[in-house]
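Engineer: Here it is, the structure in full.
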Amino acid sequence: MSILEIKELTASVDGTEILHGINLSVNAGEVHAIMGPNGSGKSTLSYVLSGRAGYEITGGDVLLNGTSIIEAEADERARAGLFLAFQYPVELPGVSGMSFLRASVNARLREQGKEEVDQLGFVKIVRAEAQNLGISDDMLKRPVNVGFSGGEKKRYEILQMALLKPVMAILDETDSGLDVDALKIVSQGVNLLRDPQRSMLVITHYQRLLSYIVPDKVHILSGGLIVKSGDKSLALEVEENGYAGINDAA
Amino acid sequence: MLPELTQLNVKNNWQKTHLDNFVKMGWPSSKNEDWKFTSLSQMLKKPVEIALTAQGDDARHKMAPSIQGACRVVFRNGIYDSELSGGNHSNIVISNLIEDDDAISYLNEAPLSDHPVFNLTIAAMQSAILIDIDDSKTKPIAVIDLSFVGGLINQSSHPLVMIRVAKNATVRISETHASKNGLSAPIVILQLDDGAVCDHVRCQIADLDSSQLGLSLVNQNTGSDYRSFSLTSGGDISRTEMHLNFNGENASCHLSSIYLGCEDQHMDITTRLYHNVANCKSEQVIRGVLDDRARGVFQGKIRVAPDAQKTDGQQMTRALLLSHETEADTKPELEIFADDVVCSHGATIGEIDEHQLFYLVSRGIPIMQARSMLIEAFLIGTLSQIRVPELESQVEYYIQDWISNSAQMSALDH
Amino acid sequence: MIHLGEGSKSTIISKGISAGKSQNTYRGLVEIHRTADTARNFTQCDSLLVGQTCGAHTVPYIVSRNPSGKIEHEATTSRISEEQLFYCLQRGMSEEEAVSLIVNGFCKEVMKELPMEFAVEAQKLIGISLEGSVG
């Protein structure tokens, strides 16, 4: 049963078409990798799926758990279980980490008809998840992303993912700017969240991340189209021959 | 009414309109928000007549040293002095402003109909010079040496200069105000066309017995760049006022200003920066040092129009007070109507840091020298903005001279 | 803020929020008199613009007549960026919730000085005032 289905998706930014007809199906529990050179449309895809303003869907459809989401607003899609781990998470000066996390979690719980979290209990839950990712208490007290290093920001994104328990998570170049140690911690955190009821789209430029977060399928995005799909060995092929090699063969 | 206007023979109708405006509004009192900190009552007590001839004491000694290859424009008592002026440059054309319709249209359409200096000087001007700078790929860069000298007791001078810099042309301007006696109310207008670049150094080093009310108007078109350094140290009462308009996108300006006040001087630096269009960048750095019973005023307004998105406007003003009888008044104003902008200003007022002073003294440096070193250090950031290299040492000399005089007076007090 | 006494200290933190078609002006006077030796003032005026049709203005009057007094003044202007808004939306918050969170973050420095009951009321009031102000 597919959690995410993308059918003939075309999309434009500022009037220029970037995605020219994407077809993709991700089943429950699967992790798919999207790889591609710069300018292939990787980030555009993540923004289009998550409903960012300025990214216009001009054709096709996107179904989450069988329901079309292309008419839904960004926050509606999020509450329906879609999560985006940003490549460059933005700072929110003065906004305490706890208030932010609590507001996000409560929004999701309300949507599901469940009770909101109790403040003190929530702190315990957050601390537990934070420990897995090496996030200190001190970091939790700081305003969201303010003064965080690249690695800290990425770990904070995964913390949010752990708390929100999405059905579909899109990780937009989560490995960019990370050294090997940081990469290991982040990958570990992501792998802990793999679940038969949860699917992931891991967007990356390099094969390295995929050694830690091993995908079930790999797709190559180039010039706004998926030009090749395969299993995890396709990532190694890209490593060997570069993207140009794939294009020539496609 | 200051000056005496009954004998004034205004030649053109459009000048008459400005005269009528001035007579109707008169000089502003401190109830006028723009003149809140600067009272003209002392100045208005002295009788003054408009100077009609370029005669009087030899003013040569007060002029800035000539710059090699510069085109020299000299006003004496506010009147163009053809004897002292001169110098040729292929890119520079000097003409009579009265004969240029575009220039006159500008004067009549500028939104300054309630400004006393604007109205009075246009009505009373005896010389109005238009300087056109053309684009030329050949070196050297056009240099204009603008000097305002002379000055007779109880007389006022009202010179007007408009400098139009053509598309992509570059010009360096040295402007010196060194008159004495009476009142000097010059207007200098700079029009920078698309891509024009102008480096400007203005020194007001007039005698302490003169009043200096200077007005500068700068209008920038698309992609133009204006870098200015201004030093104000003369006049019993002086106001250095500048209005700058960004009328074309992607233009930028950097304004540095130093004012040095001593004895009973009153110095007013007033700037109005108008970001009328998007994507322009402005930066202002002001440093003031006040000694004895001097009073320094800085008023800096930045206005960002509703469509002026991506504006970057920065302003920082610092004042150093050297005695217990000085006063510093600062009013950095922001009027912001667009949301996607970066605008900030900062202001500090204080004295020489005693820890820094002690540090130098403890290394054997005599206290007066230490004091001078710290005052120079306070000013050094702005000095580095002087972009007319020929004037750097001259400006440094003026400043060091002022500092050492201040040190001597201070030593006498101790 | 008028300083007459020796060693007097003052801090002014002003957070102005404009939304819709409103115009917000901070007009403040800080004056250090000759008698106020070693007086200190620090003023921070920050403006937040929500939307493209409002305005924020700052008119400070700073007067010092005592060299040993120290005055520092800063003013900044900012807005809620589209990135910040989208970040919160993607975490499931509605636009109102997101604006409220960010605006409260902006006012934090002032809010934390208020007694708890006032702070809670103030937060609610900000939420109500900003209803419908975005989009």
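Just so it is clear, none of the values below were taken in a lab; they were calculated from the coordinates. What you are looking at is a predicted structure, and each value in this text was computed from that prediction instead of being measured. Every residue, glycine as well, gets a Cβ built from its backbone with ideal geometry; the counts of neighbours run over all protein chains shown.
Engineer: Express in whole angstrom the spacing between the alpha-carbon centres of the range A:180-231 and the range B:13-35.
Structural biologist: So the separation of the two Cα centres works out to 73 Å.
Engineer: Let me ask another. Please state the shape class of the range C:81-135: rounded when a/c is under 1.5, otherwise prolate if a/b exceeds b/c and oblate if not, all from the C-alpha gyration tensor.
Structural biologist: Since a/c reaches 1.5 and a/b is larger than b/c, the shape of the range C:81-135 is classed as prolate.
Engineer: Can I ask one more? With a/c under 1.5 counting as rounded, go ahead and sort the range A:84-214 into rounded, prolate or oblate using the C-alpha gyration tensor (a ≥ b ≥ c being the square roots of the eigenvalues; past the cut-off, prolate if a/b is larger than b/c, else oblate).
Structural biologist: Taking the square roots of the gyration eigenvalues as a ≥ b ≥ c, the range A:84-214 is oblate.
Engineer: Let me check I have the definition right: for the protein assembly as shown, take the eigenvalues of the Cα gyration tensor, multiply each by 5, take square roots. What are those semi-axes in whole Å, largest first?
Structural biologist: Equivalent-ellipsoid dimensions as semi-axes: 61, 31, 25 Å.
Engineer: Moving on. Classify the range A:130-183: rounded, prolate or oblate, from the alpha-carbon gyration tensor (a ≥ b ≥ c, eigenvalue square roots; a/c under 1.5 rounded; otherwise prolate if a/b is larger than b/c)?
Structural biologist: Since a/c reaches 1.5 but b/c is at least a/b, the shape of the range A:130-183 is classed as oblate.
Engineer: Check each of the trypsin sites (Lys or Arg not before Pro) in the range B:315-414 and keep only those in coil by DSSP with at most 13 other C-beta atoms within 10 angstrom; list them in order.
Structural biologist: For trypsin sites (Lys or Arg not before Pro) across the range B:315-414 that sit outside H, G, I, E and B with at most 13 neighbouring Cβ atoms in 10 Å, the list reads B:363.
Engineer: Provide the per-residue ³J(HN,Hα) series for the range C:113-122, in order, calculated from phi with Karplus coefficients 6.51, -1.76, 1.60 and θ = phi - 60°, each as a whole number of Hz, with x at glycine and proline positions.
Structural biologist: Working through the residues one at a time gives 8, 7, x, 3, 4, 5, 4, 4, 4, 4 Hz.
Engineer: Evaluate the Debye formula for the range B:1-116 with equal point scatterers sitting on the alpha carbons, no solvent, and hand back log10 of I(q)/I(0) at q = 0.18, 0.20 Å⁻¹, in q order, two decimals.
Structural biologist: With one equal scatterer per Cα and no solvent, log10 I(q)/I(0) is -1.22, -1.26.
Engineer: Explain nothing, just the number: dipole magnitude of the range C:81-135 about its Cα centre with +1 on each Lys and Arg Cβ and -1 on each Asp and Glu Cβ, in debye rounded to the nearest 20.
Structural biologist: 120
Engineer: Excluding residues fewer than 8 places away in the same chain, name every one of the lysines whose C-alpha is closer than 20 Å to that of residue C:124.
Structural biologist: Qualifying lysines at Cα under 20 Å: C:15, C:108, C:112.
Engineer: For C:101-107, what's the mean count of beta carbons from other chains sitting within 10 Å of each residue's beta carbon?
Structural biologist: Rounded to a whole number, the mean comes out at 5.
Engineer: Pop a pseudo-label 7 angstrom from the Cα along the beta-carbon direction at both residue C:109 and residue C:81 and give the gap in nm to one decimal.
Structural biologist: The modelled label-to-label distance comes out at 1.9 nm.
Engineer: Tell me what chain B gives for mean residue ellipticity at 222 nm when only DSSP H runs of n ≥ 4 count, each as -39,500 (n - 2.57), the sum divided by the residue total, rounded to 500 deg cm²/dmol.
Structural biologist: Calculated mean residue ellipticity at 222 nm is -6500 deg cm²/dmol.
Engineer: Among B:294, B:95, B:51, flag the residue with its Cα farthest along the positive direction of the charge dipole of the range B:13-352, charges on Cβ as +1 for Lys/Arg and -1 for Asp/Glu.
Structural biologist: The listed residue farthest towards the positive side: B:294.
Engineer: Using θ = phi - 60° and the Karplus curve 6.51 cos²θ - 1.76 cosθ + 1.60, what whole-Hz ³J(HN,Hα) does each residue of the range B:160-174 get, with Gly and Pro shown as x?
Structural biologist: These are the phi-based 3J(HN,Hα) values: 9, 10, 10, 10, 10, 9, 6, 3, 6, 7, 10, 9, 10, 10, 10 Hz.
Engineer: For the range A:18-67, what does the convex hull of the Cα positions come to per residue, in cubic angstrom?
Structural biologist: 96
Engineer: Mean separation of Cα pairs under 8 Å and 6+ residues apart, divided by the residue count of the range B:253-316: what relative contact order is that in percent?
Structural biologist: 45
Engineer: Expressed as a whole number of Å, what is the distance separating the alpha-carbon centroids of the range C:95-110 and the range A:145-169?
Structural biologist: If you average the Cα positions of each part, the centres end up 21 Å apart.
Engineer: A follow-up question, please. With all pairs of different alpha carbon atoms counted, what Kirkwood hydrodynamic radius in Å does the range A:1-140 show?
Structural biologist: 17.3
Engineer: How much of the calculated P(r) for the range C:15-135 lies past 26 Å, in percent of all Cα pairs?
Structural biologist: In whole percent, the share of Cα-Cα pairs in the range C:15-135 beyond 26 Å is 34.
Engineer: May I ask for the Rg/Rh ratio of the range B:178-265, computed from Cα atoms with Rh as the Kirkwood radius, given to two decimals?
Structural biologist: Here Rg/Rh amounts to 1.06.
Engineer: With a point put 7 Å past each Cα toward its Cβ, work out how far residue A:181 is from residue B:360 in nm, to one decimal.
Structural biologist: Reported label-point gap for residue A:181 and residue B:360 is 4.6 nm.
Engineer: Please tell me which of these pairs span more than 22 angstrom C-alpha to C-alpha: A:154/A:184; A:42/A:153; A:184/A:228; B:167/B:281; A:154/A:228?
Structural biologist: As for pairs spanning more than 22 Å Cα to Cα, those are A:184/A:228; A:154/A:228.
Engineer: Show which lysines lie in cross-link reach of residue C:70 when reach means a straight Cα distance below 19 angstrom and same-chain residues fewer than eight apart are skipped.
Structural biologist: Residue C:70 reaches B:331, C:9.
Engineer: Could you quote the convex hull projected area for the range A:137-250, Cα atoms only and averaged over all directions, in nm²?
Structural biologist: 8.2
Engineer: Continuing with the same structure: Convert each backbone phi in the range B:264-278 into a coupling constant with the Karplus relation 6.51 cos²θ - 1.76 cosθ + 1.60 (shift: θ = phi - 60°), then list the ³J(HN,Hα) values in order as whole Hz, x for Gly and Pro.
Structural biologist: 10, 5, 10, 10, 10, 10, 10, 10, 10, 10, 10, 7, 8, 9, 6
Engineer: A follow-up question, please. Would you mind calculating the relative contact order of the range C:1-79 from Cα pairs under 8 angstrom and at least 6 residues apart, reporting the percent as a whole number?
Structural biologist: Taking the mean separation of contacting Cα pairs over the length of the range C:1-79, I get 37 percent.
Engineer: Sequence gap at least 6, Cα distance under 8 Å: using those rules, report the relative contact order of chain B to the nearest whole percent.
Structural biologist: Value for chain B: 10 percent.
Engineer: What dipole magnitude, in Debye to the nearest 20, does the range B:303-352 give about its Cα centre under +1 on Lys/Arg Cβ and -1 on Asp/Glu Cβ?
Structural biologist: 120
Engineer: Given the Cα atoms of the range B:13-352, and with Rh set as the inverse mean 1/r over their pairs in the Kirkwood sense, what is Rg to Rh to two decimals?
Structural biologist: 0.95
Engineer: Tell me the Rg and the Dmax, in Å, that the Cα atoms of the range B:107-209 produce.
Structural biologist: Gyration radius and largest Cα-Cα distance of the range B:107-209: 15.2, 47 Å.
Engineer: If you take the charge dipole of the protein assembly as shown about its Cα centre, with +1 on Lys and Arg Cβ and -1 on Asp and Glu Cβ, which of C:105, B:208, B:308 is farthest toward its positive end?
Structural biologist: Highest projection toward the positive end goes to C:105.
Engineer: Sum up the charges of everything whose Cβ sits under 11 Å from the Cβ of residue A:88, counting Lys and Arg as +1 and Asp and Glu as -1, but leave residue A:88 out.
Structural biologist: Summing Lys/Arg as +1 and Asp/Glu as -1 gives -3.
Engineer: Under Stokes-Einstein, with the Kirkwood radius over Cα pairs standing in for Rh, what whole-number D in µm²/s applies to the range C:1-79 at 20 °C and 1.002 mPa s?
Structural biologist: 160
Engineer: Under 5 Å between amide hydrogens, which residues at least 5 positions from residue B:218 or on another chain qualify, with H placed 1.01 Å from N in the peptide plane?
Structural biologist: Counting only residues 5 or more places away or on other chains, the set is B:190, B:243, B:244, B:245.
Engineer: How many nm is it between the label spots at residue B:376 and residue B:90, if each spot is 7 Å from the Cα in line with the beta carbon?
Structural biologist: 4.2
Engineer: Scan around residue A:226 for amide H atoms under 5 Å from its own, H built in the peptide plane at 1.01 Å from N, and keep only partners 5 or more places away or cross-chain.
Structural biologist: A:23
Engineer: Which lysines, if any, have their Cα less than 20 Å from the Cα of residue B:180, not counting same-chain residues under 8 positions apart?
Structural biologist: Of all the lysines, those that pass the test against residue B:180 - Cα under 20 Å, at least 8 places apart if same chain - are B:45, B:46, B:62.
Engineer: Put +1 on the Cβ of each Lys and Arg and -1 on the Cβ of each Asp and Glu in chain C; which of C:94, C:61, C:51 then has its Cα farthest toward the positive end of the dipole?
Structural biologist: Checking the options against the dipole of chain C, the answer is C:61.
Engineer: Follow-up. So how far, in whole Å, is the C-alpha centre of the range B:171-228 from the one of the range B:365-408?
Structural biologist: Centre-to-centre (Cα) distance: 22 Å.
Engineer: Please sort B:205-215, A:19-29, B:281-291 by packing, taking for each peptide the average over its residues of neighbouring beta carbons within 10 angstrom, highest first.
Structural biologist: Highest mean packing first, the order is B:281-291, B:205-215, A:19-29.
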